[in-house]
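Worksheet: the structure to be examined is printed underneath.
The values are calculated or read from the model by the stated rules, or taken from the named source; none is laboratory data. Bear in mind the structure is a predicted one, so any value in this text is a computation, not a measurement. All Cβ positions, glycine included, derive from the backbone under ideal geometry; neighbour counts span all protein chains shown.
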Amino acid sequence: MKRIKRLISLMALVFIGAAMLSGVSAAEEKLSLKLSVKAESIELTWNGSKKESYTVYKKTGKGKFVKADRVTGKKYTDKDLESGETYTYYIKKSKKVRSEQKKTVYVAPPKMKKSSVGSKGVTLKWNESDGAEKYIIYRRAEGGKKKRLAVTDENSYKDLSVKKGVIYTYTVKSVRGEAVSASSSAVRTGRLTAPELISLSKSADGLRLKWGRTENAEKYAVYRKKGEKGKWKKIASVNGKTFSYEDKNVEDRVKYSYYVRAQADESRSIYEKKSISQLCLKAPDGFTLKVSGKKISLDWKKTEGAESYQVYRQTGDGKWKKVKTVKADKYSEALKSTGNKVSYKVRAVTDKGKTAFTAVKSNRGVDPSKPMVALTYDDGPHPVNTHRILDALEKHGARATFFVVGSRVTDYKDCLERQAELGCEIANHSFSHTTLSVSKDKTVREEIEKTDALIEKYSGQKPVLCRAPGGSVGKAAKLTDRPFIHWSVDTLDWQSRSCSKVVSHIRKNVRDGSIILMHDLYGSTAEASEIIIPWLISEGYQLVTVSEMLEARSGGADGGKIYYNGYA
């Protein structure tokens, strides 16, 4: 028995040695070939060595095998292909070492065209792939999993199952028999919710259109129609963080209509058309409001072509109501109480429609016997955060004082227009945020005068108050003979950039007559304002401007003095 075992071991050693002498290992006696169809190629892989050479043989359709290439390694990519054709391959290392033949059909993925979005769904289109018998459509919702949607023998497909506000990614594969292509390039699209058109009003240089944010929108396209019979034309494209557009290319006494399309891709627009119109005629000029006891008197200049004027009033509930249509250029009425804020605006009516509104004018509506707080914001305006703060003020019928930096005013003049419309006070914080206490006399005057001019140009308000950057007044108060405003509650929002810290600090330190310092450059401050404004009102505080507070508590502000609060 031992002799037999030795004999078997000896034979095995002889066999292994023979194999080593021939240069062929047991693992190399047969190559295993795999084929993988890619978008523009067929990829061949096999169980070879990265350092040795192999010959690739290829047959097209029913033709003969030809030598395709000689490669080192265990991978080969064939890009010399025609869609719909059958290809057969095998790999050879030597006469004795070769793979079995492997066959596959190459079908090119379809080339996608632009998608279109209608009121009911999304339509996809693509170029036909040679040899393809049908196509498989795949869809993935934003944040979801890829799903097989449908199979069609057409080169288009309409997806009627889309949900409004959801972005989808589509891909398509070509099919021939059992062969399936790689995926086409992806198409990202969906049926976004139409932007809500908020307002269209007369601005300093034309018409200003405002709309609400649309979820997933990356940009907005603005379309305009001139007159009743004009054609819709795209006039502007703005980024997805901007929600307004000023059209300066307008003519007097012409009606313009607008709509906005939300877009979620560089080339595909997604929209539902809803339009808003406005006659481009200047609102009545010279609008003034005077108070005598309980009597309110309104005056304005006549508008050329106007047949009548509509007077609107806003009371404590925040709603505007048309109170009278008059032929004359004035209107007056008696109020029930002098302690409530009442605001007015006027527009002219012509045979072609209604003009823009005048700026809003309000009585003071401050009760000196009740607690009050003045919220103040420095260093703005800011294109996003200032509007967030104004949204909160408007929602709760409150007002604040904005100490603006002159160099920022022109770029964000729409902020000043809205601040004035809401009855807020716009005050001077220098032109370039320079330290006034160490500046030359000429520089101090220029810093204040340049900012005054811009505030009055874009808001209609002639600023009364100033605040020195960093609170460093020095000689500036006497030099300009203007009231300078400090503060009694410093939130340090510029330092913490924390909503919770700002809210907590105000809640702990606020009292009747507080002047609270914040900055409308920061999103955290805007967020804090959205919390603290309704809280202060719930605590019984009137949210007033600094001038309103000082007038109620001390009869107004005197030039050359510095004020820290409005304590009773």
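Numbers for the structure displayed
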{"read-out": "Among (1) farther than 25 Å from VAL473 by Cα; (2) free of Cβ contacts under 8 Å to residues at least 12 places away in the same chain, the one test that LEU536 misses", "value": "(2)"}
{"read-out": "Condition met for VAL409 (outside the structural domain of SER203 (by TED's automatic domain parsing) and either more than 18 Å from THR376 (Cβ to Cβ) or surrounded by fewer than 24 Cβ atoms within 10 Å (Cβ to Cβ) (or both))", "value": "yes"}
{"read-out": "Count of the range 71-88 residues which are of a type outside the set (Val, Ile, Thr) and farther than 23 Å from GLU52 by Cβ", "value": "8"}
{"read-out": "Any hit, the range 121-130, residues being in the same structural domain as ASP153 (by TED's automatic domain parsing) and of a type in the set (Gly, Ala, Ser)", "value": "yes"}
{"read-out": "Sole residue being touching a Phe, Trp or Tyr at 6+ places or on another chain (Cβ under 9 Å), part of a loop (DSSP other than H, G, I, E, B), more than 30 Å from VAL122 (Cβ to Cβ) and at pLDDT 85 or above, chosen from LYS301, LYS229", "value": "LYS301"}
{"read-out": "Output for the range 203-231, where each listed residue is buried (at least 17 other Cβ atoms within 10 Å of the Cβ) and over 21 Å from THR193 (Cβ atoms)", "value": "SER203, LEU207, ARG208, ARG224, LYS225, LYS226"}
{"read-out": "Index of the failed condition, LYS321 passing every other in (1) surrounded by 13 or more Cβ atoms within 10 Å (Cβ to Cβ); (2) under 40 Å from the mean Cα position of the chain (by Cα)", "value": "(1)"}
{"read-out": "Qualifying residues in the range 237-251 (those that are polar (S, T, N, Q) and assigned to a loop (DSSP other than H, G, I, E, B)) - the one surrounded by the most Cβ atoms within 10 Å (Cβ to Cβ)", "value": "THR242"}
{"read-out": "Test: residue in the range 361-373 that is crowded, with 17+ Cβ neighbours inside 10 Å, among the β-branched types (Val, Ile, Thr) and in contact with a Pro (Cβ under 7 Å, 6 or more places away or on another chain)", "value": "no"}
{"read-out": "Those residues of the range 463-476 which are surrounded by fewer than 19 Cβ atoms within 10 Å (Cβ to Cβ) and of a type in the set (Gly, Ala, Ser), in sequence order", "value": "GLY470, GLY471, SER472, GLY474"}
{"read-out": "Subset of the range 87-99 (residues that are surrounded by fewer than 18 Cβ atoms within 10 Å (Cβ to Cβ) and closer than 16 Å to LYS64 by Cβ)", "value": "THR88, LYS92"}
{"read-out": "Top-ranked residue in the range 252-284 [being at pLDDT 85 or above and part of a loop (DSSP other than H, G, I, E, B); ranked as surrounded by the most Cβ atoms within 10 Å (Cβ to Cβ)]", "value": "PRO284"}
{"read-out": "Condition met for PHE484 (modelled with pLDDT of 95 or more, crowded, with 19+ Cβ neighbours inside 10 Å, more than 18 Å from VAL546 (Cα to Cα) and not hydroxyl-bearing (Ser, Thr, Tyr))", "value": "no"}
{"read-out": "Conditions (1) touching a Pro at 6+ places or on another chain (Cβ under 7 Å); (2) more than 29 Å from THR152 (Cβ to Cβ); (3) of a type outside the set (Gly, Ala, Ser): number failed by TYR90", "value": "(1)"}
{"read-out": "Members of the range 507-529 found to be in a helix (DSSP H, G or I) and either crowded, with 20+ Cβ neighbours inside 10 Å or in contact with a Cys (Cβ under 9 Å, 6 or more places away or on another chain) (or both), listed by number", "value": "GLY523, SER524, THR525, ALA526, GLU527, ALA528, SER529"}
{"read-out": "Residue in the range 433-445 that is surrounded by 17 or more Cβ atoms within 10 Å (Cβ to Cβ) and in contact with a strand residue (DSSP E or B) (Cβ under 7 Å, 6 or more places away or on another chain) present", "value": "no"}
{"read-out": "Test: residue in the range 539-549 that is among the charged types (D, E, K, R) and under 30 Å from the mean Cα position of the chain (by Cα)", "value": "no"}
{"read-out": "Filter result for LYS234 (outside any loop (DSSP other than H, G, I, E, B), of a type in the set (D, E, K, R) and surrounded by fewer than 16 Cβ atoms within 10 Å (Cβ to Cβ))", "value": "yes"}
{"read-out": "Strands (runs of 3 or more DSSP E) lying entirely in the range 70-147 (those with 2 or more residues that are under 13 Å from TYR170 (Cα atoms) and touching a Leu at 6+ places or on another chain (Cβ under 9 Å))", "value": "134-141"}
{"read-out": "All strands (runs of 3 or more DSSP E) inside the range 304-381 with 3 or more residues being hydrophobic (A, V, I, L, M, F, W, C), closer than 26 Å to LYS462 by Cβ and in contact (Cβ under 8 Å) with a residue 24 or more places away in the chain", "value": "372-378"}
